[in-house]
Amino acid sequence: MGIAERLEGKRVVICAGSGGVGKTTTSAALAMGLAAQGAKVAVITIDPARRLADSLGLEELGNEPRLVDASRFAGHGIEMQGELWAMMLDAKRTFDELIERLAPDEKTRDEVLANRIYQELSGAVAGSQEFTAIAKLFELDRSEEFDVLVLDTPPSRNALDFLDAPDRLTGFLEGRALKVFLAPTGLAAKVMGRGTSVVFSVLRRVTGVDLLQDLSVFFRALGGLVDGFRERATGVKRLLADPATTFLIVTSPEREPIEEAIFFRGKLREAGMPFGGLVVNRVQLDLVEGDADEAAAALDGDLPDELREKVAETLRELQVLAERDRAGLTRLMTALDEPDPTVVPLLEGDVHDVDGLAQVHHHLFADD
Ligand SMILES: Nc1ncnc2c1ncn2[C@@H]1O[C@H](COP(=O)(O)OP(=O)(O)O)[C@@H](O)[C@H]1O
Ligand SMILES: [Mg+2]
């Protein structure tokens, strides 16, 4: 079954998998293909390679999808019937936007955004990217501006971090530590009431930073946002489990990514999240059938022996790789009970421009 057929009727496609397997590439090529077929598609990429970002026109700042100029596809065999919109996730800005949306009033918003503790914390939370990627996805889904949203996922070592993201922040906000701190008789009140603790006052004198004041303002303001966060997390979970949402598992045929893909598939099932298909990327295909020596011998008879031996050697090496990849594919197909994965071969050179994307797209959609 072709990938377009598998994704029929889906509004949110999340490309998950371990680092370096081709999630960003696949997301972009997939979005391009769905757009070519006539949909209005937005792809949220995360840290794409510089040249890939440039080739999609993402070099400008901005945390909203932008229409990729259709002229960029001219001459690459892509007939764009719909629209491809693309953005590069700005995690910190997404986090700020979230605060802006959730803050009950302007004063709270400004207090939080200007707060030093928030600035540190948001840098750290945004740094993990999983949370912000999902927050952005949620916003775009709500805007109802696009037929399809394709989400690339962060280069986390473990694809599972992504599934936990909605729980992590609410977990923190609902955790004991914060409750104790925020309670009227809690730590915040006590510390504030006592006036100046020695440590804080020394700190303030030495650094000029009133950490205590910052802390107290931060937690007071954040307290007003807890309900919003909780509601948001519920909405995000609903979106992830929606029948119109699906996860594509992207992997390469190497051992570790394969095992992670299998593990992730299990986790999706456990979490009741939809699985939309398997993309095996960077697969070394057989270059010749049968024996490498025979293939080399069948080359031009005028080829000097030395050169022919070199060709045979290379072919033999490639065949070993192809065999390894075939074994990997078999392992995946069996473990995932997936007889018909989408296979994208290892292309020559990196995929860093529209032409490379068009090639990946061609393989992704080959069965459609
Ligand atoms: N089919 C392919 N053939 C050759 N190179 C590829 C292919 N797919 C991806 N690449 C390259 O592999 C590297 C990792 O791809 P990327 O999409 O950034 O992976 P991820 O987002 O999963 O970390 C990039 O340099 C990319 O250009
Ligand atoms: Mg990536």
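The values are calculated or read from the model by the stated rules, or taken from the named source; none is laboratory data. Note that this is a predicted model, so its numbers are computed, not measured. Every residue, glycine among them, receives a Cβ derived from its backbone with ideal geometry; neighbour counts consider all protein chains shown.
Take the conditions loosely packed, with under 12 Cβ neighbours inside 10 Å and out of contact with any Asp or Glu (no Cβ under 8 Å at 6 or more places or on another chain) and apply them to residue 314. Does it pass? Criteria not met by residue 314. Restricting attention to the stretch 1-21, and to residues there that are within 16 Å of ligand 2 (Cβ to nearest atom) and surrounded by fewer than 22 Cβ atoms within 10 Å (Cβ to Cβ), which single residue is nearest to residue 266 (Cα to Cα)? Filtering the stretch 1-21 for residues that are within 16 Å of ligand 2 (Cβ to nearest atom) and surrounded by fewer than 22 Cβ atoms within 10 Å (Cβ to Cβ), the one nearest to residue 266 (Cα to Cα) comes out as 19. Among the residues making up the stretch 326-357, those that are within 12 Å of ligand 1 (Cβ to nearest atom) and closer than 20 Å to residue 248 by Cβ are 342, 343, 344, 345, 346, 347, 351, 356, 357. One residue alone among 91, 49 is buried (at least 22 other Cβ atoms within 10 Å of the Cβ) and out of contact with any Leu (no Cβ under 9 Å at 6 or more places or on another chain), and that residue is 91. Meeting the requirement of 1 or more residues that are among the hydrophobic types (A, V, I, L, M, F, W, C) and away from ligand 1 (no atom under 16 Å from the Cβ), the helices (runs of 4 or more DSSP H) wholly within the stretch 19-109 are 23-36, 91-102.
Only helices (runs of 4 or more DSSP H) whose full extent lies in the stretch 251-368 are considered here, and the ones with at least 1 residues that are modelled with pLDDT of 95 or more are 255-270, 305-335, 354-364.
Could you list, in sequence order, the residues of the stretch 33-49 that are within 16 Å of ligand 2 (Cβ to nearest atom) and not polar (S, T, N, Q)? Within the stretch 33-49, 43, 44, 46, 47, 48, 49 meet the criteria.
Restricting to the stretch 55-85, and then to whatever is in contact (Cβ under 8 Å) with a residue 40 or more places away in the chain and of a type in the set (D, E, K, R), can you tell me which residue is nearest to ligand 2 (Cβ to nearest atom)?
Filtering the stretch 55-85 for residues that are in contact (Cβ under 8 Å) with a residue 40 or more places away in the chain and of a type in the set (D, E, K, R), the one nearest to ligand 2 (Cβ to nearest atom) comes out as 72.
Looking across the stretch 279-310 at every residue that is surrounded by 17 or more Cβ atoms within 10 Å (Cβ to Cβ) and hydrophobic (A, V, I, L, M, F, W, C), the one that is nearest to residue 346 (Cα to Cα) is identified as 283.
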